[in-house]
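The values are calculated or read from the model by the stated rules, or taken from the named source; none is laboratory data. For clarity, every value in this text was computed on a predicted model and none was experimentally measured. Please note: Cβ atoms are built from the backbone with ideal geometry, for glycine as well, and neighbour counts cover all protein chains shown. Only protein heavy atoms, including side chains, enter the accessible area calculation; ligands, DNA and RNA are left aside. Shrake-Rupley method; radii C 1.70, N 1.55, O 1.52, S 1.80 Å.
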Amino acid sequence: MTINSPVILAVELGPLRLKNPVMVASGTFGYGQEYAALVPLENLGGVVVKGISLEPRSGNPPPRIWETCGGMLNSIGLQNVGLQTFLREKLPHLRPLQVPVIVNLFGNTVEEYGELAAGLDGHEGIDALEINISCPNVKAGGMAFGSDPKMVFQVVSAVRSRTNLPVITKLTPNVTDITLPAKAAEDAGTDILSLINTVAGMAVDPQTRRPRLGNVVGGLSGPAIKPIALRMVWQVIQASNLPVIGLGGIVSVEDALEFLIIGAKAIQVGTANFVNPQVTLDIISGLEDYLRQQGLRDINQIIGTLEVAR
Amino acid sequence: MILRNAQILFNKPMSTELYHLGLLCPDIAVSIQPGQFVMVRIRDSFDPLLRRPFAIHRLYPNDPPGSLEILYKVVGKGTRLLTTMQPGNSVNLLGPLGRGFRFPNDNGFVLLVAGGIGIAPLPYLAETLAAHKHKGPFVLWFGGKTSGDLVCVQHFKDLGFAVEIVTEDGSIGRKGLVTEHLEPWLIQQDELPKVIYSCGPYPMQRSIAEMAARLRISSQLSMEALMGCGVGACLSCSLRCRPPQGAADPHYANVCQNGPVFDGEEIIWE
Ligand SMILES: Cc1cc2nc3c(=O)[nH]c(=O)nc-3n(C[C@H](O)[C@H](O)[C@H](O)COP(=O)(O)OP(=O)(O)OC[C@H]3O[C@@H](n4cnc5c(N)ncnc54)[C@H](O)[C@@H]3O)c2cc1C
Ligand SMILES: Cc1cc2nc3c(=O)[nH]c(=O)nc-3n(C[C@H](O)[C@H](O)[C@H](O)COP(=O)(O)O)c2cc1C
Ligand code: FES
């Protein structure tokens, strides 16, 4: 195969077709415009926007991030412009682009998730919804929806019943057995699973004896969490028939390939965008190079090809 | 917004803690404004993970064309690593970023205030103001912990600035904090400036904003925050500000996008 022979990167995740498997992760790419000067959005497999709630949210008091060894903690607190402003001011910039737009959403209650899904349904320019279940259920004493399979089922059902868009459920790693919420989401009718969200963490300043984050605890992302993410994606792929989007700590084409090889149909890149805003473009061209080196034509020849000695 | 490798021209220690870093980056040098900043990726690895924000200290349009200078203080992992970089190496820059200093339509008294490493963005600002045909007077109030913190003083003098120095240990100039000495001095002047430009630690910025409010003049304050992206994508660099009409309360502005230079009246001080 020659250097320039065409290779196919297109993937299908149930109802969602992507021209390549490389997306940007929610909360790390704003509403798409912030990096548009550096990243032609149409080259991406998909853009997942910052999590949206029914009403605008202020977020947590600063400091909101802290760099750790190989990662970063954040406690943004789901600050966002709210549904109406998103539809009025953010979506119109994305709508004309030939790139799937995936709206990440979250609520304080099961009902809010349903209302949001209904509010987003039918708007031209939205290609899928991604449900963030890593946030507290106000009616259940602040316990994260994602940590209880029953609540996962309720939230996903609420969204499923109010939208015709493809539904992605984004799992939290802060559970003992990741296959339980995965199963619950599948039973509730999600089309796709994505994982992982950030890993719960904390840091302290020994000089002041104060937490590094205004919210005391936060979520860890970046290269440090990749092995955890890979293991969980692998477990979910073993346990579920749904297409899976893998993310957590991806910074290079090698990282992306690890997720694809274990069976993820697509990947998302989060924290690495901050370090190299063009990392997704590098990963996309790196995947093409890899296929040529391997003498393959189609990325689907790589997906799910992990060789485990038995 | 541009992403470029920039060759290191020089990386000179001014003291044990302060370094001048010269970088060749014509694309950013031609467009960056005083008070704007760049996010620096010190090396092509993920350790340290995040880019580091730095202001532009000076531009050198001809020496060689398109070069710029950063003044940095060694405080941790990233800046320590930066000291090991040699001329000929390169770093990766993302910029110009943020909203810099604004220049009200005024050509009188120019007052700059710096605390410690807060001096970093002021030479470029001073050069720009000096070129704006202000009639003056031009004054810099510069505070540090000790005399070693007070770099670039001669440069301001060469630009026609009177430099008023304050050190916490009294090793040079007045003893104490800039904010203790500035207000009594200002009140004795024939006229007040329309605006105070200031860069320094949070408590100093707060005192400057409060003083400016008392004297009914405006203040432009360059603020700091921990930054993830530098471009408004991650919402980590929040600074509590007065909410615009219809916005959620509390309202957090992004220092990287809405700042780093804020009007003192915009900020809600913690
Ligand atoms: C808009 C802006 C302009 C700046 N301009 C300059 C300048 O011209 N010269 C200069 O010396 N310093 C400047 N700073 C501060 C500089 O960014 C920090 O000193 C630097 O990031 C410290 O990195 P480190 O790895 O050495 O420290 P560490 O403490 O090891 O860094 C850990 C983390 O905290 C962040 N951090 C630590 N201190 C600060 C701080 N004061 N402000 C923001 N983030 C911080 C780092 O970026 C990193 O993410 C500026 C900050 C901002 C926000
Ligand atoms: C600053 C920041 C904000 C985030 N905001 C959201 C969000 O709004 N919704 C969501 O589902 N995930 C959010 N995430 C999680 C990421 O989308 C991603 O799941 C996680 O960071 C792991 O991937 P990474 O290691 O590639 O960053 C956020 C992550 C970061 C670092
Ligand atoms: S640093 Fe990311 S929004 Fe300001």
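Among the residues making up segment A:100-115, those that are touching a residue at least 60 places away in the same chain (Cβ under 8 Å) and either touching a helix residue (DSSP H, G or I) at 6+ places or on another chain (Cβ under 6 Å) or surrounded by fewer than 19 Cβ atoms within 10 Å (Cβ to Cβ) (or both) are A:VAL101, A:GLU115. B:GLY118 falls short on exactly one of the conditions (1) within 14 Å of chain A (Cβ to nearest Cβ); (2) crowded, with 18+ Cβ neighbours inside 10 Å; (3) in a helix (DSSP H, G or I), and that condition is (1).
The rows are residues; the columns are (1) away from ligand 1 (no atom under 11 Å from the Cβ); (2) closer than 26 Å to A:TRP66 by Cα; (3) without any contact (Cβ under 8 Å) to a residue 60 or more places away in the chain.
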{"residue": "B:HIS20", "(1), (2), (3)": "no, no, yes"}
{"residue": "B:PRO26", "(1), (2), (3)": "yes, no, yes"}
{"residue": "B:ASP44", "(1), (2), (3)": "yes, yes, yes"}
{"residue": "B:LEU59", "(1), (2), (3)": "yes, no, no"}
{"residue": "B:SER67", "(1), (2), (3)": "yes, no, yes"}
{"residue": "B:VAL74", "(1), (2), (3)": "no, yes, yes"}
{"residue": "B:LEU81", "(1), (2), (3)": "no, yes, yes"}
{"residue": "B:LEU97", "(1), (2), (3)": "no, yes, no"}
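Among the residues of segment A:25-57, those identified as open to solvent by 20 Å² or more (accessible area, probe 1.4 Å) and more than 20 Å from A:ILE131 (Cα to Cα) are A:GLN33, A:GLU34, A:ALA36, A:ALA37, A:PRO40, A:GLU42, A:ASN43. Considering segment A:273-291, and only residues there that are within 16 Å of ligand 3 (Cβ to nearest atom) and touching a residue at least 60 places away in the same chain (Cβ under 8 Å), the residue that is nearest to B:MET227 (Cα to Cα) turns out to be A:PHE274. When segment B:84-110 is filtered for residues that are modelled with pLDDT of 95 or more and either within 16 Å of ligand 3 (Cβ to nearest atom) or under 21 Å from B:ASP263 (Cα atoms) (or both), the ones remaining, listed by number, are B:LEU93, B:LEU94, B:GLY95, B:PRO96, B:LEU97, B:GLY98, B:ARG99, B:GLY100, B:PHE101.
Give the residue, chosen from A:ASP191, A:ASP205, that is acidic (Asp, Glu) and buried (at least 19 other Cβ atoms within 10 Å of the Cβ).
Numbers: A:ASP205 fails: buried (at least 19 other Cβ atoms within 10 Å of the Cβ).
Selected residue: A:ASP191, the only one of A:ASP191, A:ASP205 that is acidic (Asp, Glu) and buried (at least 19 other Cβ atoms within 10 Å of the Cβ).
Condition first: within 16 Å of ligand 2 (Cβ to nearest atom) and among the aliphatic types (A, V, I, L, M). Now tell me which residues in segment B:221-270 satisfy that. Across segment B:221-270, the qualifying residues are B:ALA225, B:LEU226, B:MET227, B:VAL231, B:ALA233, B:LEU235, B:ALA248, B:VAL255. Meeting the requirement of 1 or more residues that are among the charged types (D, E, K, R) and under 24 Å from A:LEU195 (Cα atoms), the strands (runs of 3 or more DSSP E) wholly within segment A:35-113 are A:46-52, A:65-68.
Let's see how each residue does on (1) touching an Asp or Glu at 6+ places or on another chain (Cβ under 6 Å); (2) within 15 Å of ligand 1 (Cβ to nearest atom); (3) hydroxyl-bearing (Ser, Thr, Tyr):
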{"site": "B:VAL91", "(1), (2), (3)": "no, yes, no"}
{"site": "B:PRO104", "(1), (2), (3)": "no, no, no"}
{"site": "B:GLY108", "(1), (2), (3)": "no, no, no"}
{"site": "B:GLY116", "(1), (2), (3)": "yes, yes, no"}
{"site": "B:THR128", "(1), (2), (3)": "no, no, yes"}
{"site": "B:GLY148", "(1), (2), (3)": "no, yes, no"}
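Comparison of B:LEU226, B:LEU221 shows that the only residue that is more than 14 Å from chain A (Cβ to nearest Cβ) and modelled with pLDDT of 95 or more is B:LEU221.
Do we have B:CYS241 as without any contact (Cβ under 8 Å) to a residue 24 or more places away in the chain and closer than 22 Å to B:ARG102 by Cα here? Explain how you work it out, then say what you get.
Working: without any contact (Cβ under 8 Å) to a residue 24 or more places away in the chain: no; closer than 22 Å to B:ARG102 by Cα: yes.
Spelling it out, it is not the case that B:CYS241 is without any contact (Cβ under 8 Å) to a residue 24 or more places away in the chain and closer than 22 Å to B:ARG102 by Cα.
Every residue, every condition in (1) within 16 Å of ligand 3 (Cβ to nearest atom); (2) not assigned by TED's automatic domain parsing to the domain that holds B:LEU140, yes or no:
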{"residue": "B:ARG214", "(1), (2)": "no, no"}
{"residue": "B:LEU221", "(1), (2)": "no, no"}
{"residue": "B:CYS237", "(1), (2)": "yes, yes"}
{"residue": "B:PRO250", "(1), (2)": "no, yes"}
{"residue": "B:GLU270", "(1), (2)": "no, yes"}
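Quick check on segment A:6-15. Is at least one of its residues within 27 Å of A:VAL159 (Cα to Cα), touching a residue at least 24 places away in the same chain (Cβ under 8 Å) and open to solvent by less than 20 Å² (accessible area, probe 1.4 Å)? Yes, segment A:6-15 has at least one match.
In this structure, B:ASP169 does not satisfy being more than 27 Å from B:ASN107 (Cα to Cα) and either within 14 Å of chain A (Cβ to nearest Cβ) or open to solvent by less than 60 Å² (accessible area, probe 1.4 Å) (or both). Condition check for A:LEU165 on (1) open to solvent by less than 30 Å² (accessible area, probe 1.4 Å); (2) in contact with a helix residue (DSSP H, G or I) (Cβ under 7 Å, 6 or more places away or on another chain); (3) of a type outside the set (S, T, N, Q): one failure, at (2). Scan segment A:74-96 for residues that are more than 10 Å from chain B (Cβ to nearest Cβ) and open to solvent by less than 50 Å² (accessible area, probe 1.4 Å) and the total you get is 5. B:MET14 meets all of the listed conditions (1) open to solvent by 40 Å² or more (accessible area, probe 1.4 Å); (2) within 14 Å of chain A (Cβ to nearest Cβ) but one, namely (2).
Criterion applied to B:GLU164, B:GLU191, B:GLU183 was being of a type in the set (D, E, K, R) and part of a loop (DSSP other than H, G, I, E, B), and the one residue passing it is B:GLU191. Being more than 20 Å from the chain's Cα centre (by Cα) and either assigned by TED's automatic domain parsing to the domain that holds B:PHE142 or at pLDDT below 95 (or both) is a property that does not hold for B:GLY200.
Of the residues B:LEU81, B:LEU50, B:LEU59, which single one is away from ligand 3 (no atom under 16 Å from the Cβ) and within 14 Å of chain A (Cβ to nearest Cβ)?
On the way: B:LEU50 fails: away from ligand 3 (no atom under 16 Å from the Cβ); B:LEU59 fails: within 14 Å of chain A (Cβ to nearest Cβ).
Answer to the check: B:LEU81.
Would a scan of segment A:16-25 turn up a residue that is within 14 Å of chain B (Cβ to nearest Cβ) and at pLDDT 95 or above? Lay out the reasoning, then the answer.
Keep residues of segment A:16-25 that are within 14 Å of chain B (Cβ to nearest Cβ), which gives A:24-25.
This time we only want the ones that are at pLDDT 95 or above, so: A:24-25.
Yes, some residue in segment A:16-25 is within 14 Å of chain B (Cβ to nearest Cβ) and at pLDDT 95 or above.
Among residues of segment A:49-61 that are more than 8 Å from chain B (Cβ to nearest Cβ), those with a Cβ under 7 angstrom from a residue that is polar (S, T, N, Q) and open to solvent by 20 Å² or more (accessible area, probe 1.4 Å), sequence gap 6+ or separate chain, pair up as A:VAL49/A:SER26; A:GLY51/A:SER26; A:ASN60/A:ASN215.
Taking the conditions exactly as written (out of contact with any strand residue (DSSP E or B) (no Cβ under 6 Å at 6 or more places or on another chain) and hydrophobic (A, V, I, L, M, F, W, C)), does A:VAL101 satisfy them or not? Give the steps one after another, and end with the answer.
On the way: out of contact with any strand residue (DSSP E or B) (no Cβ under 6 Å at 6 or more places or on another chain): no; hydrophobic (A, V, I, L, M, F, W, C): yes.
In short, no.
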